[in-house]
Each structure stands twice: as C-alpha cells, then as structure tokens.
Amino acid sequence: MKKITYLVFITVISCFITGNGKAQNYVSTEPLNKNTILEEFTGVQCSNCPAGHQVAASILQNNPGRAFVICYHPYNSSYTAPYPGNPDFRRTYPNAFYTVPYCGSSRFMPSAFINRRIWSNGDRL
C-alpha cells in the first residue's frame with residue numbers, strides 16, 4: 001500500500017513540476033468582436049413585417065458572417081394566424097420571448113431583440 005501511495009504522490013508532483021497539471025485555455029481570453037443574433041417576431045397578417053424583413057436583410061448584408069436572423073411566428077399573437085388554406089408557421093416555444101420585457105408591453109409586429117438582451121429605454125446600440 002505504501003508503494004502505491006508513493007507512486008501516486010510522485011506522479012502528481014511530477015505533473016505539476018512539468019506543467020501538465022496547469023489549467024489549459026482552449027479559447028482565447030482576449031476580448032474579441034462578437035457575432036449577433038437578431039430574433040424577429042413576424043406574422044402572416046402583419047402589414048409592417050415586410051419593412052422589418054428589409055431591415056433584417058440590410059443587417060445581414062452589411063455584416064456578412066457576423067450577424068444572423070431568426071424569425072418566429074409565436075402562437076400568442078393574432079397576427080400569426082394563417083389564412084385559410086395556407087401553412088401554419090406558428091410555434092409555441094417563441095411565446096416565452098414574445099412577452100414583456102423582451103418585446104415591450106405593446107408587442108407590436110414586427111418586434112425583435114438582439115442576443116436575448118433586455119434593453120432599457122436609455123440603452124443605445
């Protein structure tokens with residue numbers, strides 16, 4: 001038993017002496033530019049949504065490979081009900097985000113937020 005304890009102790013000490021016991025960084029710890037995800041809430045019966053799509057498209061065009069857009073059709077909006085005979089794009093999982101404080105109390109469409117950050121009135125991009 002003493003031999004095994006001695007061997008384990010020597011192995012652990014040799015790891016720390018040679019540097020193998022130190023923590024490794026697999027990603028950079030330097031500040032880097034971040035990519036952005038724009039999550040947009042859109043509807044089928046929304047008259048302003050095409051303009052919102054144009055803004056999202058210009059963000060994508062001006063930031064290739066750095067910005068991404070995801071569009072949702074939440075169930076908890078009257079603007080997302082499909083017209084008769086058309087496909088239903090609504091999903092239930094966006095309902096949690098199409099609420100206060102993410103989209104405000106009015107919840108107009110289109111609504112969007114960036115990186116799931118809750119923005120206050122004084123914040124600026």
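Key figures
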quantity	calculated
Residues satisfying the stated conditions in the range 48-68, i.e. aliphatic (A, V, I, L, M) and within 17 Å of Tyr79 (Cβ to Cβ)	Ala51, Ala56
Per-region count, the range 73-92, residues closer than 16 Å to Cys49 by Cβ, surrounded by 13 or more Cβ atoms within 10 Å (Cβ to Cβ) and not aliphatic (A, V, I, L, M)	8
Scan of the range 27-49 for residues that are farther than 16 Å from Pro82 by Cα and either hydrophobic (A, V, I, L, M, F, W, C) or not in a loop (DSSP other than H, G, I, E, B) (or both), ordered by number	Val27, Leu32, Thr36, Ile37, Leu38, Glu39, Glu40
Residue within the range 51-64 that is at pLDDT 90 or above, part of a loop (DSSP other than H, G, I, E, B), surrounded by 11 or more Cβ atoms within 10 Å (Cβ to Cβ) and not hydrophobic (A, V, I, L, M, F, W, C) present	yes
Any chance Tyr102 is assigned to a loop (DSSP other than H, G, I, E, B), of a type in the set (Ser, Thr, Tyr), under 17 Å from the mean Cα position of the chain (by Cα) and modelled with pLDDT of 80 or more	no
Residue under evaluation Pro84, criteria (1) part of a loop (DSSP other than H, G, I, E, B); (2) at pLDDT below 90, criterion not met	(2)
Those residues of the range 105-122 which are at pLDDT below 70 and more than 15 Å from Thr36 (Cβ to Cβ), in sequence order	Ser105, Ser106, Arg107, Ile118, Ser120, Asn121, Gly122
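The values are calculated or read from the model by the stated rules, or taken from the named source; none is laboratory data. Note that this is a predicted model, so its numbers are computed, not measured. Because the Cβ atoms are built from the backbone with ideal geometry, glycine has one as well, and the counts that use them run over all protein chains shown.
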